[in-house]
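Working notes, structure below.
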Amino acid sequence: MLRKTDFYIDGKWTAPAAPREIEVINPADEQPFAVISLGAQADVDKAVEAARRAFPSWSPTSREERVDALERVLAAYKARLADMAKAISDEMGAPIKLALESQAAVGVSHIKTFIRTLKDFEFEHALDERNPQERILREPIGVCGLITPWNWPMNQVTLKVIPAIAAGCTVVLKPSEIAPLSSIVFAEILDAADLPAGVFNMVNGDGPGVGEAMSRHPGIDMMSFTGSTRAGIAVTKSSADTVKRVTLELGGKSPNLVFADSDLEAAVVRGLDHCFENTGQSCNAPTRMLVERPVYERAVEIAARHTQTVKVGNPADDGDHIGPLVSEAQYNKVQGLIEVAIKEGARVVAGGPGRPEGFNRGYYVRPTVFADVDNEMTIAREEVFGPVLAMIPFDTEADAIEIANDTPYGLSSYIQTGDQERARRVARQLRSGMVQVNGTGRAPGSPFGGYKQSGLGREGGTFGLEDFLEVKSVSGWPNGGA
């Protein structure tokens with residue numbers, strides 16, 4: 001059994017203030033394989049104190065010093081890429097190919113992007129040409145509390161930790177207690193990169209024990225949270241008493257609008273593959289497929305046929321399959337939502353309740369497609385976070401936009417059409433932070449975040465760096481110059 005019970009505080013591994021150990025479960029076989037500690041208020045206090053001590057010396061460092069630090073982090077991260085992938089696969093069930101090529105590799109991509117962003121970022125400038133005496137300064141906000149989820153652990157850790165320290169902030173990280181081992185590897189990486197003590201700190205724990213203590217802590221100036229909308233609301237409420245800045249990346253129920261003039265086979269297959277990626281455990285997954293009625297039944301047939309080809313397998317095995325859900329609680333939630341969809345009248349065209357054939361343990365679920373879904377059904381309203389697609393017919397473009405926007409979420413939307421003008425017209429009307437047309441990928445540094453209950457703020461590139469900066473205006477800047 002792997003034992004990783006210490007926290008990383010003030011540049012060294014530190015025992016918790018009080019012992020409180022929990023097991024980490026491998027979702028593929030439901031067996032414990034590691035032990036960590038859950039922290040509490042005393043551990044958070046110690047980490048915040050270290051971060052506050054480090055801030056006065058880290059915040060005024062030069063751009064060049066911070067770029068050099070991030071370059072060291074990048075080199076250390078690359079050296080541990082295989083270890084990172086193994087940790088992610090073991091803790092949250094990502095197939096090892098996905099864990100290596102996407103889950104772990106995305107950390108490399110984000111670090112590189114933030115290095116480029118930092119090199120080009122304008123921290124000081126005149127207000128405008130007419131007012132050179134008015135200087136705008138962007139300065140680090142202070143000590144940042146960062147709470148990250150289990151579904152894309154390194155995606156979220158690097159989207160928070162890297163821009164925070166690039167901005168000149170110091171941080172306290174709380175990773176998910178369900179999938180903590182990848183963040184322990186990350187802490188080892190930052191230790192190897194020789195950052196000054198206290199710039200990066202990590203305390204494992206759960207929401208009530210550590211997340212709440214961080215959100216309420218008067219020594220933390222900003223909270224950045226990724227997870228469920230329910231938990232994001234709790235972080236916001238807990239942060240209110242100290243008027244912290246709060247940024248949130250929350251849930252989604254993303255619509256995928258498939259018009260009759262699209263390449264239907266390609267559009268449906270692409271949408272399904274994206275929905276099922278990471279076993280459906282992605283906040284921006286296109287889980288509602290809205291299909292124009294003249295091609296709706298054909299789209300349903302394509303979806304049913306393609307779903308039969310989706311393989312489910314052990315995450316330790318190489319290949320393009322999906323693995324288990326992350327936990328027993330997540331498995332029970334997904335099974336419950338599948339049962340509710342059936343009771344509410346959705347038509348099962350692929351998959352359904354229970355484990356896939358050949359599995360009698362592990363949190364595996366059957367890739368499932370529902371047809372004839374009404375947007376008022378539970379399966380169309382609630383975030384499932386599993387490989388489950390709801391297919392909804394629409395009659396007109398206006399109808400499609402209305403259905404797409406009829407959700408409390410607004411993270412991402414997808415458009416499939418052969419009409420370029422329609423793509424532009426519809427994209428402008430969709431109430432979401434991101435829109436992808438005909439399978440076009442998002443560029444490095446593109447802002448990630450959503451409208452409505454999908455969150456506040458943006459992550460990635462310039463937008464992600466700005467979230468960790470305060471804006472100061474100085475009137476009467478000497479000589480009107482730099």
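The values are calculated or read from the model by the stated rules, or taken from the named source; none is laboratory data. If you're wondering where the values come from, they're calculated on a predicted model, not measured in any experiment. Quick reminder, even Gly has a Cβ in these numbers, built from the backbone with ideal geometry, and neighbours come from all protein chains shown.
Take segment 434-455 and flag every residue that is touching a Gly at 6+ places or on another chain (Cβ under 8 Å) and either touching a residue at least 40 places away in the same chain (Cβ under 8 Å) or buried (at least 22 other Cβ atoms within 10 Å of the Cβ) (or both). Passing the criteria: 434, 444, 445, 448, 449, 450, 451, 452, 453, 454, 455. On the stretch given as segment 112-131, residues that are in contact (Cβ under 8 Å) with a residue 24 or more places away in the chain, in a loop (DSSP other than H, G, I, E, B) and either surrounded by fewer than 13 Cβ atoms within 10 Å (Cβ to Cβ) or aliphatic (A, V, I, L, M) (or both) total 1. So for segment 410-425 (the condition being in contact with a Gly (Cβ under 7 Å, 6 or more places away or on another chain) and among the small types (Gly, Ala, Ser)), does at least one residue qualify? Yes, segment 410-425 contains a residue that is in contact with a Gly (Cβ under 7 Å, 6 or more places away or on another chain) and among the small types (Gly, Ala, Ser). Of all residues in segment 176-209, those satisfying the criterion of being small (Gly, Ala, Ser) and either more than 22 Å from residue 449 (Cβ to Cβ) or part of a loop (DSSP other than H, G, I, E, B) (or both) are 176, 179, 182, 187, 192, 193, 197, 198, 205, 209. Every condition in (1) farther than 23 Å from residue 229 by Cβ; (2) touching a helix residue (DSSP H, G or I) at 6+ places or on another chain (Cβ under 6 Å) holds for residue 340 except the one numbered (1).
Scanning segment 55-68 for residues that are touching a residue at least 40 places away in the same chain (Cβ under 8 Å) and either out of contact with any Asp or Glu (no Cβ under 8 Å at 6 or more places or on another chain) or among the β-branched types (Val, Ile, Thr) (or both) yields 55, 57, 58, 60, 61, 63, 66, 67.
The sole residue among 159, 173 that is in contact with a Leu (Cβ under 6 Å, 6 or more places away or on another chain), under 30 Å from residue 35 (Cβ atoms), not hydroxyl-bearing (Ser, Thr, Tyr) and not in a loop (DSSP other than H, G, I, E, B) is 173. Of everything in segment 228-250, what is small (Gly, Ala, Ser) and crowded, with 23+ Cβ neighbours inside 10 Å? Give them in sequence order. 232 - this is the single residue of segment 228-250 that is small (Gly, Ala, Ser) and crowded, with 23+ Cβ neighbours inside 10 Å.
Tell me, yes or no, whether segment 327-349 has at least one residue that is part of a strand (DSSP E or B), within 30 Å of residue 25 (Cβ to Cβ) and touching a Lys or Arg at 6+ places or on another chain (Cβ under 7 Å). The answer is no; no qualifying residue exists. The residues listed here are 345, 358; of these, the one that is out of contact with any Cys (no Cβ under 6 Å at 6 or more places or on another chain) and at pLDDT 95 or above is 345. Here the condition is being within 21 Å of residue 71 (Cα to Cα), in contact with a Cys (Cβ under 8 Å, 6 or more places away or on another chain) and not β-branched (Val, Ile, Thr); of 169, 144, it holds for 169 alone.
Scanning segment 206-221 for residues that are in contact with a Leu (Cβ under 9 Å, 6 or more places away or on another chain) and among the hydrophobic types (A, V, I, L, M, F, W, C) returns 210, 214.
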